[in-house]
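Novice: The structure is given below, and queries will be raised subsequently.
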Amino acid sequence: MTHGEDSTGNYLLAVGTKKGLWLGTSRDRANYTFTGPHFLMHEIPSIGIDTRGGRTRILAGLRSEHWGPTVARSDDLGDTWQEPENGAITFPEDTGASLERVWQIQPDTAERAGVVWAGCEPISVWKSTDGGEHFELNRGLWDHPHRTEWGAGYGGAAAHTVLPSPSDPNTVHVAISAGGVYRSSDAGQSWEARNQGISAYFMPNPLPEFGQCVHKVARDPNNPNIMYAQNHHGVYRTDDNADTWLSIAEGLPADFGFTMLTHPRRSGTAWVIPVKADGERIPPDARLAVHRTDDAGQSWRALTDGLVQPEYNVVLRDAATVDSAEPAGLFFGTRGGTVYASADEGEHFTEVLSNLPDVLCVRAAVLEA
């Protein structure tokens, strides 16, 4: 564990693990002062950091084997936590369902104050209008005729990516494992599968309308019609709002993996962390590497400086993130409990935590001075 000189800093790093949450502050994104574990023995599969409106609110998706799942929130960098007495996310009685896990917490744009999205298991999408204190089930997706045919990924049935469009409040994309990418153009009232070009080689029809196991999707910062997807074998880009997808895997050592990140300001820049294969879930040649493209997937470059080798643990879909600083910071954690930070978009990494439980989720933010 790397410690800074004091507990203050301009940067926040949140690390959710199989057995608790760690929160770190830093002045340089290399030396951190951490607190934790918060919620010891709770699984933390999702974190949202909401810096809108001049405050920093941390939202943590918790899962306790005894108390079950919920969303807790802190407005003082983890000193105190609050959660609704009856749970932030509760299925209506008529659904016959109960919450298993909160896979994704996604604050909306600055213009949509108070709006926070959640993706959950069983496969469902939820919307909050009070900053993540209470969420309402999106019935359009829950009642979708495809829902009974969606399968569970290896880690569970997950609506793991929720991407509200920054330019159109009526457009939202969701990625489901295993169901594929769905888009709503009417503020969530209805949803259409948008997977043309994404392979599902494990199905009788390798290019079905839906059923793909998309692992993660990220949106371009300037053109909302451009997105990137890491699939269960396959790396893709769409230029037309997910109507069609094109392979951009050429140049990577493997097309399997879980993470997909895009730059906060610069179009064409994205990062993936390849895994050898679904049947051999280690980094290729047991050498951990982040791969970055600066030309929208036409070419890729391996970034390894500061990463300890060999490495036999993988990086899960939400165990990697970027911040909004200049240059952008890149952060990720492994299933072996090591957390790396880069203050220069992946050119150089520093190990900032080690010997943690499985890292499930990493989020970073720039704090107001």
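Novice: How large is ³J(HN,Hα) for each residue in segment 14-27, as worked out from phi by the Karplus curve 6.51 cos²θ - 1.76 cosθ + 1.60 (θ = phi - 60°), to whole Hz, x for Gly and Pro?
Specialist: Rounded to whole hertz, the list is 10, 10, x, 10, 5, 9, x, 10, 10, 10, x, 10, 8, 9.
Novice: Another question, then. List the residues of segment 37-58 whose backbone N lies under 12 Å from a point placed 7 Å from the Cα of T90 along the Cα-to-Cβ direction.
Specialist: Taking a point 7 Å out along Cα→Cβ of T90, no residue of segment 37-58 has its backbone N under 12 Å.
Novice: Would you mind pulling out the separation of the Cα centroids of segment 51-72 and segment 136-195, in Å?
Specialist: The two parts, judged by their Cα centres, are 22 Å apart.
Novice: Within segment 31-125, list the trypsin sites (Lys or Arg not before Pro) lying in a DSSP loop whose Cβ has at most 15 other Cβ atoms in a 10 Å radius.
Specialist: Taking segment 31-125 and a limit of 15 other Cβ atoms within 10 Å, the loop trypsin sites (Lys or Arg not before Pro) found are R55, R112.
Novice: If you don't mind, another one. Got a sec to turn the phi values of segment 177-182 into Karplus ³J(HN,Hα) couplings, 6.51 cos²θ - 1.76 cosθ + 1.60 with θ = phi - 60°, whole Hz, x for Gly and Pro?
Specialist: Each residue of segment 177-182 in turn: 10, 10, x, x, 9, 10 Hz.
Novice: What nm distance separates the two modelled labels at E136 and L246, each placed 7 Å from Cα along Cα→Cβ?
Specialist: 4.0
Novice: Would you mind telling me which residue in A152, A320, A242 has the biggest mean-square fluctuation in a Gaussian network model of the chain, where springs connect alpha carbons within a distance under 10 angstrom?
Specialist: A152
Novice: Report the charge-dipole magnitude of the chain in Debye, nearest 20, computed about the Cα centre from +1 at each Lys and Arg Cβ and -1 at each Asp and Glu Cβ.
Specialist: With Lys and Arg at +1 and Asp and Glu at -1, about 380 debye.
Novice: Give the long-range amide H neighbours of L62: residues separated by 5 or more places, or on another chain, with amide H under 5 Å away, using H modelled in the peptide plane at 1.01 Å from N.
Specialist: T70, V71, A72
Novice: Select from segment 105-195 those chymotrypsin sites (Phe, Trp or Tyr not before Pro) which occupy a DSSP coil region and have at most 11 other Cβ atoms within 10 Å, ordered by residue number.
Specialist: Y154
Novice: What longest range of the chain stays clear of loop-exposed GluC sites (Glu not before Pro) (DSSP non-H/G/I/E/B, at most 11 other C-beta within 10 angstrom)?
Specialist: With GluC sites (Glu not before Pro) excluded where exposed in loops, the chain gives 112-249 as its longest stretch.
Novice: Name the long-range amide H neighbours of G20: under 5 Å, sequence gap of 5 or more, or other chain; modelled H, no Pro or chain starts.
Specialist: Distant-sequence amide H within range of G20: M41, H42, I44.
Novice: Can you list residues whose amide H is under 5 Å from Q104's amide H, if they're 5+ apart or on another chain and H is modeled 1.01 Å from N?
Specialist: Here the answer is G119, since their amide H atoms fall under 5 Å of that of Q104.
Novice: Given the -39500 (n - 2.57) contribution per DSSP H run of 4+ residues, what per-residue ellipticity at 222 nm results for the chain, rounded to the nearest 500 deg cm²/dmol?
Specialist: 0 deg cm²/dmol
Novice: Moving to a separate point now. Let me check I've understood the local charge: for R335, count other residues with C-beta under 14 angstrom from its C-beta, Lys and Arg +1, Asp and Glu -1. What total comes out?
Specialist: Result for the neighbourhood of R335: 0.
Bear in mind that the values in this text are calculations on the coordinates, not laboratory data. All values reported here derive from a predicted model rather than from experimental measurement. So basically every Cβ, Gly included, is an ideal-geometry build from the backbone, and we count neighbours across all protein chains shown.
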